[in-house]
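Here is the structure we will look at, set down as structure tokens.
Read-outs: derived from the displayed coordinates by stated rules, not from any lab. As the structure is a prediction and not an experimental result, all values here were calculated from the model. Methodologically, a virtual Cβ is constructed for each residue, glycine included, from the backbone with ideal geometry; neighbour enumeration extends over all protein chains shown.
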Ligand code: SF4
């Protein structure tokens, strides 16, 4: 099955600098776009530097949105299922206070908490940490009726992200999946996560109505951002950061470009953001997951579209390469091939 990663950076590009000499900078490392460079030159009444413009046009092709197609064959899918079953057993047997993985702390957002409270004895008192939402209900068709898959037994029903968390560090899994804690981020620190979730929201809207323009998406973003601010979901600092430098316009453009790239050679959107579930082979346990989109290609085959947004790197091709071995999409392929939709 074809897996198509679509990566996007929903951050606004930097405006080219105007140097002390009055010239518009032609810094090769500037995180800007060809359009913004031309506009700045226009505003300054200067001619564009053609060589620099060509550099930016070349850079634009993969600096903001990037698509990466890969193939999940039966071997990869089956081996991901094999690994998932082993993780599932390990999660089911995990101890009440699972061990930390100190080798993974460097890149972990719980680092200061584990450092100051290594036995997690005061986890309910951790600062800026709140209870996460309860896991959503999973209902499946059962004969002529339906049944709910219970989620209270650890390891009984797992998702690729739960597996990733356990594989990285068992304590991390316990913090996020057993004790269900999440960090509350405020101000500018919250903006990357908000941009990611707003972009995903726009992509979901586009899957329902492909005719939406960047302008329509921009209007939706404006309404959403104001609502979030009024409901105190984001503070003023985060709100200002979101709208600064045409942030909402850029996010809308990015979502539209990501969607257009995702739809290359696609004739039909089969599913968008629908949870799937499957019984693990030879077991009574379950795997569940939500592929961003399942589509049908012009050759009649199904494909999975997986969107990723980032604010950490400008090198999207390198990031795409990192996702190449991520088993989540192989498990999604198994869910599409062998699983069923939930409701
Ligand atoms: S959760 Fe695990 S990886 Fe993260 S800081 Fe704690 S011990 Fe380290």
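Some notes on this structure:
- In the condition set (1) more than 16 Å from the ligand (Cβ to nearest atom); (2) over 22 Å from the mean Cα position of the chain (by Cα); (3) assigned to a loop (DSSP other than H, G, I, E, B), residue 37 is compliant with all but (3).
- Within the range 268-285, the set of residues being more than 23 Å from the chain's Cα centre (by Cα) and either on the phi < 0 side of the Ramachandran plot or part of a strand (DSSP E or B) (or both) comprises 279, 280, 281, 283, 284, 285.
- All told, residue 229 meets the bar of being in a helix (DSSP H, G or I) and free of Cβ contacts under 8 Å to residues at least 12 places away in the same chain.
- Condition met for residue 11 (part of a loop (DSSP other than H, G, I, E, B) and under 30 Å from residue 291 (Cβ atoms)): yes
- Number of the exception - residue 90 against (1) outside any loop (DSSP other than H, G, I, E, B); (2) farther than 26 Å from residue 10 by Cβ; (3) in contact with a strand residue (DSSP E or B) (Cβ under 9 Å, 6 or more places away or on another chain): (3)
- Residues satisfying the stated conditions in the range 196-215, i.e. part of a helix (DSSP H, G or I) and touching a residue at least 24 places away in the same chain (Cβ under 8 Å): 196, 198, 199, 200, 202, 203, 204, 206, 207, 208, 214, 215
- Among the conditions (1) in a helix (DSSP H, G or I); (2) more than 23 Å from the chain's Cα centre (by Cα); (3) surrounded by 12 or more Cβ atoms within 10 Å (Cβ to Cβ); (4) away from the ligand (no atom under 11 Å from the Cβ), residue 77 misses just one, which is (2).
- Residue selection: residue 180 satisfies the criterion of being in contact (Cβ under 8 Å) with a residue 24 or more places away in the chain and at positive phi.
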